[in-house]
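Have a look at the structure below, then the notes.
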């Protein structure tokens, strides 16, 4: 989990950075809003921690503007101003100084979970199972050693639940736009996939259309 911490006080920044790193977070630091803006432009963060009042401006106004421009990273404000109601419309949490590092770590960890998308569901058709999140495919409990393109093709076929998937759909999902549905690259992948799936045959050709699972 990656966190950006924006704080102008060197001692506080060092303490926060050290504590978060010790807790297993990857931490980037900024000492003012321009540095934070540059970091947010280049990187994606699971949580962003802002000191409320910085020499370069009020981070509340900065976060409000970023929110209006589509920034979705969870935000935690650190401040000596004991008025959390004002900050919360533009942030996800608020911690008043002084605070315990254990509390900060717990809050950051909780916010990071907000930015973590749920794992895609495991797909099943007959005895074939696809786990898109882990990129694992099985048949009858046996793990299949698939290439990237074989995995893409099988995932689409399993998701279709026995419906025929056209050559156009399969090629569009696994190859660059210049590869046409008439190309034999798909047939080569299907041949290899059939061998790895093993008996009984389950990957069927639908003439003039594409492929489907039995």
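The values are calculated or read from the model by the stated rules, or taken from the named source; none is laboratory data. The shown structure was predicted, so the numbers you read here are calculated from the model rather than taken from an experiment. Here Cβ is always computed from backbone atoms with ideal geometry, including for glycine, and neighbour counts include all displayed protein chains.
Descriptive notes on the structure:
- Test: residue in the range 17-28 that is on the phi > 0 side of the Ramachandran plot, assigned by TED's automatic domain parsing to the domain that holds residue 109 and at pLDDT 85 or above: yes
- Any hit, the range 8-22, residues being buried (at least 17 other Cβ atoms within 10 Å of the Cβ), outside any helix (DSSP H, G or I) and in contact (Cβ under 8 Å) with a residue 24 or more places away in the chain: no
- Qualifying residue in the range 128-148 (condition: assigned to a helix (DSSP H, G or I) and either without any contact (Cβ under 8 Å) to a residue 40 or more places away in the chain or under 21 Å from the mean Cα position of the chain (by Cα) (or both)): yes
- Residues in the range 170-184 that are exposed (fewer than 13 other Cβ atoms within 10 Å of the Cβ) and either over 14 Å from residue 205 (Cβ atoms) or touching a helix residue (DSSP H, G or I) at 6+ places or on another chain (Cβ under 9 Å) (or both): 5 in all.
- Any hit, the range 187-199, residues being exposed (fewer than 14 other Cβ atoms within 10 Å of the Cβ), touching a helix residue (DSSP H, G or I) at 6+ places or on another chain (Cβ under 6 Å), in a helix (DSSP H, G or I) and on the phi < 0 side of the Ramachandran plot: no
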